[in-house]
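A quick write-up on the structure given underneath.
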Amino acid sequence: MPIIVEPQDYHEEDLYVDLEETFGRRLYLKCEGFNFAGSIKLKVAREMVAAVERSGRLRPGSILVESSSGNLGVALSILAASRGYTFVCVTDTRCNLATKQLMESLGTRVYTVVEPALDGGFLGARLRYVRELCESDDRYLWLNQYANPANWQAHYRWTAPAVAERFPDLGVLFVGAGTTGTLMGCARYFTEHRPEATVVAVDAVGSVAFGGPPLTRMIPGLGTGVRPPLLDESYIDDVIHVPEADTIRACHRLARKGFLFGGSTGTVISGAMRWLAEHPAYADLTAVAIAPDLGERYLDSVYQRGWVQEIYGPGALDLECEEQTQHDPDRTVRGAGRAHP
Ligand SMILES: Cc1ncc(COP(=O)(O)O)c(C=O)c1O
């Protein structure tokens, strides 16, 4: 039983869910959501803050600033609170309300960009705002997860070795691509230490990371409107793109089994299952996928029936999922006790 002093000292690095019962194919899902930040980004926040502390660039009065769709913002809020730094998070309207409230509860100032840039979408608009802040006041210190090598190094140091140790016979690893920090840290590690393992990137349809055309995307975390500076495709064996409707279906299928994961986990699982079906030569090989976070931050989006149907159409949830009753005002019970006199 670990006893910790600072919140960033705890992270569950060795928890996997076997998805065979839910999806009919053995796939081990590495759960990264069990820490005080609730996501894999805690490792990145630790690594980036440690790097800036070592660099000597942090001075009294410095203000850490970062653009985040949510999870890194929460992780940095925790680091900043625990270390006594001021932190400003620039996010956009796709960031969940609960995530914003979490950051604010931890003492972070949150700015929400409400309009996407013509080129670069919401991410482009967020980055422009961060640059404007930094130009307006030299106390701002931008950690810049999109270009900071500490981002992929966190996964090279922690995530990938944990998978390699647990699965010495790893055949294929599926990793979602946002900033591509997780992907590049794992891909570099396996290229150097286990070149026989295949690393597959999973991206959202509409993301430009691997050169596809930009399309509107509603689920935060995976995918990007700006090509990620950290991405080096020479380390990646294959890429698969997943429509958001498939993401939603995978999330709801898992929820029906009692596992509530975040949107990008649905994307990664959906992409992994399709890729495995298309590659029968991998049928007997060990397959692992990374789940960046859990589902509670997505109760007002991925797991809300009205939101899903408005965006993806009335058929987006299959009948089994339609039976779910969350947030259905018609199920409100008044006069409790009368049903069983
Ligand atoms: C919810 C979610 N999805 C996807 C990702 C993708 O990770 P990366 O930015 O390392 O590509 C992250 C990163 O933490 C995440 O929190």
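The values are calculated or read from the model by the stated rules, or taken from the named source; none is laboratory data. Worth saying up front: this structure is predicted, and the values here are computed from it rather than measured. Glycine also receives a Cβ, built like all others from the backbone with ideal geometry; neighbour counts cover every protein chain displayed.
Tabulated data
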{"read-out": "Qualifying residue in the stretch 31-41 (condition: under 27 Å from Val163 (Cβ atoms), acidic (Asp, Glu) and in a loop (DSSP other than H, G, I, E, B))", "value": "yes"}
{"read-out": "In the stretch 299-336, residue farthest from Val175 (Cα to Cα) [restricted to those that are modelled with pLDDT under 60 and not in a loop (DSSP other than H, G, I, E, B)]", "value": "Asp330"}
{"read-out": "Checklist (1) assigned to a strand (DSSP E or B); (2) more than 14 Å from the ligand (Cβ to nearest atom) applied to Phe174, failing item", "value": "(2)"}
{"read-out": "Residue among Val239, Val268, Val199 that alone is within 26 Å of Asn144 (Cα to Cα) and either modelled with pLDDT under 95 or assigned to a helix (DSSP H, G or I) (or both)", "value": "Val268"}
{"read-out": "The lone exception for Ser264 - which of (1) over 27 Å from Leu127 (Cα atoms); (2) in contact (Cβ under 8 Å) with a residue 24 or more places away in the chain it fails", "value": "(1)"}
{"read-out": "Cross-chain or 6+ apart pairs with Cβ under 9 Å, the stretch 290-303 first and under 14 Å from Phe34 (Cα atoms) and in contact (Cβ under 8 Å) with a residue 24 or more places away in the chain, then polar (S, T, N, Q) and in a loop (DSSP other than H, G, I, E, B)", "value": "Arg297/Asn96"}
{"read-out": "Filter result for Ala154 (surrounded by fewer than 18 Cβ atoms within 10 Å (Cβ to Cβ), part of a helix (DSSP H, G or I), within 16 Å of the ligand (Cβ to nearest atom) and touching a residue at least 40 places away in the same chain (Cβ under 8 Å))", "value": "no"}
{"read-out": "Considering residues of the stretch 238-274 that are buried (at least 24 other Cβ atoms within 10 Å of the Cβ) and in contact with an Asp or Glu (Cβ under 6 Å, 6 or more places away or on another chain) only, the residue farthest from Tyr303 (Cα to Cα)", "value": "Ser270"}
{"read-out": "Selection within the stretch 276-298 - assigned to a helix (DSSP H, G or I) and either within 15 Å of the ligand (Cβ to nearest atom) or surrounded by 20 or more Cβ atoms within 10 Å (Cβ to Cβ) (or both)", "value": "Leu276, Glu296, Arg297, Tyr298"}
{"read-out": "Odd one out for Ala255 among (1) closer than 25 Å to Gly313 by Cα; (2) under 14 Å from the mean Cα position of the chain (by Cα)", "value": "(2)"}
{"read-out": "Breaking point among (1) within 14 Å of the ligand (Cβ to nearest atom); (2) surrounded by 24 or more Cβ atoms within 10 Å (Cβ to Cβ), for Val163", "value": "(1)"}
{"read-out": "Any hit, the stretch 227-237, residues being within 14 Å of the chain's Cα centre (by Cα), buried (at least 23 other Cβ atoms within 10 Å of the Cβ) and either within 30 Å of Asp169 (Cβ to Cβ) or in contact (Cβ under 8 Å) with a residue 60 or more places away in the chain (or both)", "value": "no"}
{"read-out": "Where Val49 falls short, out of the listed (1) within 16 Å of the ligand (Cβ to nearest atom); (2) at pLDDT below 95; (3) over 23 Å from Gly295 (Cα atoms); (4) not small (Gly, Ala, Ser)", "value": "(2)"}
{"read-out": "Single match in Gly171, Gly176, Gly181, Gly185 (criterion: out of contact with any Ser or Thr (no Cβ under 9 Å at 6 or more places or on another chain), in contact (Cβ under 8 Å) with a residue 12 or more places away in the chain and either under 21 Å from Gly271 (Cα atoms) or surrounded by 23 or more Cβ atoms within 10 Å (Cβ to Cβ) (or both))", "value": "Gly181"}
{"read-out": "Some residue of the stretch 59-66 being over 19 Å from Glu135 (Cα atoms), assigned to a loop (DSSP other than H, G, I, E, B), away from the ligand (no atom under 14 Å from the Cβ) and modelled with pLDDT under 95", "value": "no"}
{"read-out": "Single unsatisfied condition, His252 versus (1) closer than 17 Å to Gly120 by Cα; (2) assigned to a helix (DSSP H, G or I); (3) of a type outside the set (Ser, Thr, Tyr)", "value": "(1)"}
